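> Have a look at the structure that comes next, please.
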Amino acid sequence: MSEKMFGRVALIGIGLIGSSLARALRRDSPETEIIACARRGETLAAVQRLGIADATNHDPAQAAAGADLVVVATPLSAYAEIGERIAPMLKDGAILSDVGSVKQAVIRDLQPHVPREVHFVPGHPVAGTEHSGPESGFAELFRDRWCILTPPPETASEPVTAVGRMWESFGMHVVTMSADHHDKVLAMTSHLPHLIAYTIVGTATNLEESLKSEVIEFSASGFRDFTRIAASDPVMWRDIFLNNREAVLEIVQRFTEDLTALQRAIRWGEGDKLQELFTRTRAIRRSIIEAKQA
Ligand code: NAP
């Protein structure tokens, strides 16, 4: 597709996700003017070197001024302040969207600042890697992945469709759901697996020195896959757990109960219980591969 999707897009935060979005826009909507915003000079210098934006600005308010679409793509802890700063500069009819991994907290932090003439379309492209920063982005990141939009009931349908079309043009499957439902689903599919990975790698690093070196040497036996997930950005993940507290705690409780049941089965030598569970979980893996989400 090479039609112009939006006249001007402001990306507040230009790391893995923001820069991937910039690259995808460059590729599929070359006429769109892209303004990138970040706090640090080195981030903006990298953006200029990569040629993924037409202009850069340290100030979110100036970056957002006059944009048809503003996408917030910073860690969640920056959202409330950004909302407050950009609100007076948003033009009538503009769309305010984001890419944050938790949605109720985004609505809590941004919606109070959204002017009446601005359309609010929170979103979450469920695509990522363990890398951060503008150098790590790539346009193909979004292909064949899901994008979840969680517009509040008062948002009109046209802006939701416009944002959805943009993500679809990058190869995403777009679905709309409530922010509450999004947060529960992602607590299970993303937040719990990251918490487990952080715990396992943390446990390994707490082991005595001698054992630790062997953990690294023999990591291909399973540990390695957890280290990749546990290498994800610490600030981003701190913010996700603090902002999706209830849903995460609920799912951790269920997980703990299931883990205790497994512990008991091992203790009492209940091989049939273990085998039955492992057979069921293997089928889940097959269905993920069939759904092209492997
Ligand atoms: P990232 O690579 O660390 O990039 C964050 C960007 O935000 C950087 O450009 C950073 O630059 C900028 N930034 C931070 N605070 C800012 C502020 N106060 N004002 C302006 N810019 C600021 O992070 P990411 O992985 O792209 O994640 C961004 C968002 O996407 C998060 O909310 C995350 O939940 C969501 N998300 C992430 C993934 C993933 O797998 N990574 C997937 C889906 C959604 P400076 O440090 O120079 O300011």
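The values are calculated or read from the model by the stated rules, or taken from the named source; none is laboratory data. Predicted model, so just to flag it, every value in this text is computed and none were measured. Cβ: placed from backbone, ideal geometry, glycine included. Neighbour counts: every protein chain shown. Each accessible area value is taken on the protein alone, full model and side chains, heavy atoms only, with ligands, DNA and RNA left out. Shrake-Rupley method; radii C 1.70, N 1.55, O 1.52, S 1.80 Å.
> Which one of PRO112, PRO125 is within 11 Å of the ligand (Cβ to nearest atom), closer than 21 Å to ASP68 by Cα and not in a loop (DSSP other than H, G, I, E, B)? Spell out how you get there, then give the answer.
Numbers: PRO112 fails: within 11 Å of the ligand (Cβ to nearest atom).
Being within 11 Å of the ligand (Cβ to nearest atom), closer than 21 Å to ASP68 by Cα and not in a loop (DSSP other than H, G, I, E, B) holds for just one of PRO112, PRO125, which is PRO125.
> Answer yes or no as to whether VAL163 is in a helix (DSSP H, G or I), more than 12 Å from the ligand (Cβ to nearest atom), touching a residue at least 24 places away in the same chain (Cβ under 8 Å) and closer than 23 Å to HIS181 by Cβ. If you could, list the steps in order and put the result at the bottom.
On the way: in a helix (DSSP H, G or I): yes; more than 12 Å from the ligand (Cβ to nearest atom): yes; touching a residue at least 24 places away in the same chain (Cβ under 8 Å): yes; closer than 23 Å to HIS181 by Cβ: yes.
It is true that VAL163 is in a helix (DSSP H, G or I), more than 12 Å from the ligand (Cβ to nearest atom), touching a residue at least 24 places away in the same chain (Cβ under 8 Å) and closer than 23 Å to HIS181 by Cβ.
> Scan the helices (runs of 4 or more DSSP H) fully inside segment 193-258 and keep the ones with 1 or more residues being among the polar types (S, T, N, Q) and closer than 23 Å to GLY15 by Cβ.
223-229, 234-243
> Within segment 49-59, is there a residue that is open to solvent by less than 30 Å² (accessible area, probe 1.4 Å) and assigned to a helix (DSSP H, G or I)? Let's see the steps before the verdict.
Let us first name the residues in segment 49-59 that are open to solvent by less than 30 Å² (accessible area, probe 1.4 Å), namely 52-53.
Retained after the next criterion (residues that are assigned to a helix (DSSP H, G or I)): none.
There is no residue in segment 49-59 that is open to solvent by less than 30 Å² (accessible area, probe 1.4 Å) and assigned to a helix (DSSP H, G or I).
> If you don't mind, another one. Name the single residue that is nearest to THR129 (Cα to Cα) among those in segment 17-34 being open to solvent by less than 20 Å² (accessible area, probe 1.4 Å) and within 12 Å of the ligand (Cβ to nearest atom).
Looking only at segment 17-34, we keep the residues that are open to solvent by less than 20 Å² (accessible area, probe 1.4 Å), and these are 18-22, 24-25, 28-29, 32, 34.
Filter once more, keeping what is within 12 Å of the ligand (Cβ to nearest atom): 18-22.
Details: GLY18: 13, SER19: 13, SER20: 11, LEU21: 14, ALA22: 17 Å.
In this case the residue turns out to be SER20.
> Mind listing whichever residues of segment 82-109 are assigned to a helix (DSSP H, G or I), open to solvent by 20 Å² or more (accessible area, probe 1.4 Å) and in contact with an Asp or Glu (Cβ under 7 Å, 6 or more places away or on another chain)? Step through it out loud before you land on a result.
Step one: filter segment 82-109 for residues assigned to a helix (DSSP H, G or I), giving 82-89, 104-109.
After this cut, where a residue has to be open to solvent by 20 Å² or more (accessible area, probe 1.4 Å) as well, the list is 84-85, 88-89, 104, 107-109.
Of everything in segment 82-109, just one residue is assigned to a helix (DSSP H, G or I), open to solvent by 20 Å² or more (accessible area, probe 1.4 Å) and in contact with an Asp or Glu (Cβ under 7 Å, 6 or more places away or on another chain), namely GLN104.
> Name the residue that is modelled with the highest pLDDT, counting only residues in segment 127-181 that are acidic (Asp, Glu) and open to solvent by less than 70 Å² (accessible area, probe 1.4 Å). Show your work before the answer.
Residues of segment 127-181 that are acidic (Asp, Glu), as a first pass: 130, 135, 140, 144, 154, 158, 168, 180.
From the residues that got through so far, the ones that are open to solvent by less than 70 Å² (accessible area, probe 1.4 Å) too are 130, 144, 180.
Working: GLU130: 91, ASP144: 95, ASP180: 98.
Looking at residues that are acidic (Asp, Glu) and open to solvent by less than 70 Å² (accessible area, probe 1.4 Å), I get ASP180.
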